[in-house]
Amino acid sequence: MTSLQRADPVAERPRQWAVVQHVEHEVPGTIASALADAGQSPVDVRIHRGDRLPELQDVGGVVVMGGPMGVGDDAEHPWLSAERAWLHAAVHGGLPVLGVCLGAQQLAAALGAEVSAAPQAEIGFDRIQLTEHGRQDPLFAGEDAELPVLQWHADMFAVPAGAVCLAQSPVVANQAFRWGRAVYGLQFHLEADRSLLDRWAPMLPDGTDLSGPLAAQTEALGRRVLRRFVELALS
């Protein structure tokens, strides 16, 4: 750069991550920690409150959280269709994207896949199995073939065309997918730390056990996996 040239302050400004929330209690948890540890500055977009989705040229990455509504509930929540269109543009614009639970279903639908009711709801701690693609995927590098996760959903997604299935359970065949290099949909929750579990406990069905070793194991797994996602997104 010569002395007559000036840096464009807009071009040099770090682009922030957009974390889209659908309800107050579905917060990013340890996803926010993984982003902060990597020097990223996530901005919460509470779409259910009327926050506008940011222009994608101002965004460095996208995280879409869960929620109790379904992909087909556009009449009650018209922002769902706008979010899907935004996600489609984000993916095809080359942005890293992570969808969690409803966010994964919205992401799958944005990529043309079907979202439907699961054979039965999966709620509470459970174990999922990595597929062959999952065992080779950088997101789960070095992890066991069977993983502890927290489930809280009644719907499920098909794997979008061009994506690969990374994990499955006996109830829901598609628990995670990757499309391209850094676009991931996770049906389960890896973002829940102890404080988030305590916040969710009164909302879950009676008898749902959020204590015991699986809580700590799931949080530890989540921190590792989410750190890898951010590293992959920034590489």
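Among the residues in the stretch 218-228, are any among the hydroxyl-bearing types (S, T, Y), surrounded by 14 or more Cβ atoms within 10 Å (Cβ to Cβ), part of a strand (DSSP E or B) and touching a residue at least 60 places away in the same chain (Cβ under 8 Å)?
Within the stretch 218-228, none of the residues are among the hydroxyl-bearing types (S, T, Y), surrounded by 14 or more Cβ atoms within 10 Å (Cβ to Cβ), part of a strand (DSSP E or B) and touching a residue at least 60 places away in the same chain (Cβ under 8 Å).
For Q129, work out the one condition from (1) surrounded by 16 or more Cβ atoms within 10 Å (Cβ to Cβ); (2) in contact with a Pro (Cβ under 9 Å, 6 or more places away or on another chain); (3) under 23 Å from I31 (Cα atoms); (4) at pLDDT 95 or above it doesn't fulfil.
(1)
Please identify the pairs in which a residue from the stretch 118-135 that is touching a residue at least 12 places away in the same chain (Cβ under 8 Å) has its Cβ atom under 7 Å from the Cβ atom of a residue that is of a type in the set (D, E), counting only partners at least 6 apart or on another chain.
Listed by first residue and then by second, the contacts come to A118/D155; G124/D209; R127/E146; Q129/E146.
Is at least one residue of the stretch 83-90 surrounded by 15 or more Cβ atoms within 10 Å (Cβ to Cβ) and touching a residue at least 40 places away in the same chain (Cβ under 8 Å)?
Scanning the stretch 83-90 turns up at least one residue that is surrounded by 15 or more Cβ atoms within 10 Å (Cβ to Cβ) and touching a residue at least 40 places away in the same chain (Cβ under 8 Å).
For the stretch 136-153, what are the residues that are surrounded by fewer than 19 Cβ atoms within 10 Å (Cβ to Cβ), over 18 Å from W179 (Cβ atoms) and without any contact (Cβ under 8 Å) to a residue 40 or more places away in the chain?
G142, D144, A145, E146 - these are the residues of the stretch 136-153 that are surrounded by fewer than 19 Cβ atoms within 10 Å (Cβ to Cβ), over 18 Å from W179 (Cβ atoms) and without any contact (Cβ under 8 Å) to a residue 40 or more places away in the chain.
Please enumerate the residues belonging to the stretch 179-204 that are basic (K, R) and either more than 12 Å from T30 (Cα to Cα) or at pLDDT 95 or above (or both).
Once the filter is applied, which keeps residues that are basic (K, R) and either more than 12 Å from T30 (Cα to Cα) or at pLDDT 95 or above (or both), the stretch 179-204 yields R181, R199.
Just checking, how many residues over the stretch 91-132 are of a type in the set (A, V, I, L, M, F, W, C) and either over 17 Å from the mean Cα position of the chain (by Cα) or farther than 13 Å from G185 by Cβ (or both)?
Going through the stretch 91-132 one residue at a time, the tally reaches 8.
In the stretch 1-113, which strands (runs of 3 or more DSSP E) lie fully inside it and hold 1 or more residues that are charged (D, E, K, R) and either modelled with pLDDT of 95 or more or out of contact with any helix residue (DSSP H, G or I) (no Cβ under 7 Å at 6 or more places or on another chain) (or both)?
In the stretch 1-113, 42-46 are the strands (runs of 3 or more DSSP E) which contain 1 or more residues that are charged (D, E, K, R) and either modelled with pLDDT of 95 or more or out of contact with any helix residue (DSSP H, G or I) (no Cβ under 7 Å at 6 or more places or on another chain) (or both).
Going residue by residue through the stretch 194-215, is there one that turns out to be buried (at least 21 other Cβ atoms within 10 Å of the Cβ) and touching a residue at least 40 places away in the same chain (Cβ under 8 Å)?
Looking for residues that are buried (at least 21 other Cβ atoms within 10 Å of the Cβ) and touching a residue at least 40 places away in the same chain (Cβ under 8 Å), one finds none in the stretch 194-215, hence no.
Can you tell which of V164, V172 is surrounded by fewer than 19 Cβ atoms within 10 Å (Cβ to Cβ), of a type in the set (V, I, T) and either over 21 Å from L95 (Cα atoms) or over 13 Å from the mean Cα position of the chain (by Cα) (or both)?
Only one candidate passes the filter, namely V164.
Filter the stretch 37-74 down to the residues that are under 16 Å from the mean Cα position of the chain (by Cα) and free of Cβ contacts under 8 Å to residues at least 40 places away in the same chain and list them by number.
Result: P42, V43, D44, V45, R46, I47.
The values are calculated or read from the model by the stated rules, or taken from the named source; none is laboratory data. All figures in this text were calculated on a predicted structure; none of them were measured in a lab. Here the Cβ is made from the backbone with ideal geometry for all residues, glycine too, and neighbour counts use every protein chain on show.
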